[in-house]
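Here's the structure we're looking at; comments come further down.
The values are calculated or read from the model by the stated rules, or taken from the named source; none is laboratory data. Bear in mind that the values here come from a model prediction, so they are computed numbers and not experimental data. Every residue, glycine as well, gets a Cβ built from its backbone with ideal geometry; the counts of neighbours run over all protein chains shown. Note: accessible area is taken over every heavy atom of the protein model, side chains too, but ligands, DNA and RNA are not part of it. Shrake-Rupley method; radii C 1.70, N 1.55, O 1.52, S 1.80 Å.
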Amino acid sequence: MTILPSTDRKPRRSPLLIAKHGNVLSGTWTDGVHHSGVMEKWFGQHWWTSRTFLLLVTTLFVFAPLISLKRVDSLRYTSALSVALAIVFVAVTAGVTIVKVMDGSIGMPRLMPELVDQASFWRLFTAVPIIVTAYICHHNSK
């Protein structure tokens, strides 16, 4: 007799994942400066390019159907698509960076962080929520 884990458990989704998509789509404010998102750059500022509306639409029509799947292995095509898009993103970013470095419009990136005080050391850990979200969202139940 074997005891297998239940396959009807749904993976938990983090609110950080939804908020991250809101920043990319609708933009964000940092130190009083507005950074436009993809939708604002393409279509301008309208009620339907606002952060609230885009998060609602993305949650209802993208995340809700994916979260409601009963088995995690049903997400294999979605996961493959996300990996492919990540590879495209890295390739485009690397290409643009290489061209701009060779052109001289930007300087060489730093390989090591500048640690001037204790606060700058703790800012190194801003990737932890992203790593935790990735772990939670890619929960593998066998």
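Some observations on this one:
- Area accessible to solvent at PHE89, 1.4 Å probe radius, in Å²: 140 Å²
- Taking label positions 7 Å along the Cα-Cβ direction at both VAL38 and MET112, the computed distance is 3.7 nm, reported to one decimal.
- Potential lengthening between THR30 and PHE121 on full extension [0.36 nm per residue; Cα-Cα distance subtracted]: 30.7 nm
- Anisotropy class of the range 60-129 from Cα gyration tensor, a/c 1.5 cut: oblate
- Probe 1.4 Å, all protein chains present, accessible-area order of PHE53, PHE43, largest first: PHE43, PHE53
- Probe 1.4 Å, all protein chains present, accessible-area order of THR49, THR93, largest first: THR93, THR49
- Placing unit charges on each Cβ (+1 for Lys and Arg, -1 for Asp and Glu) gives the range 47-142 a dipole about its Cα centre, and among PRO129, SER105, VAL72 the Cα reaching farthest toward its positive end belongs to VAL72.
- Contour minus Cα-Cα distance for VAL99 and THR133 (0.36 nm per residue): 9.0 nm
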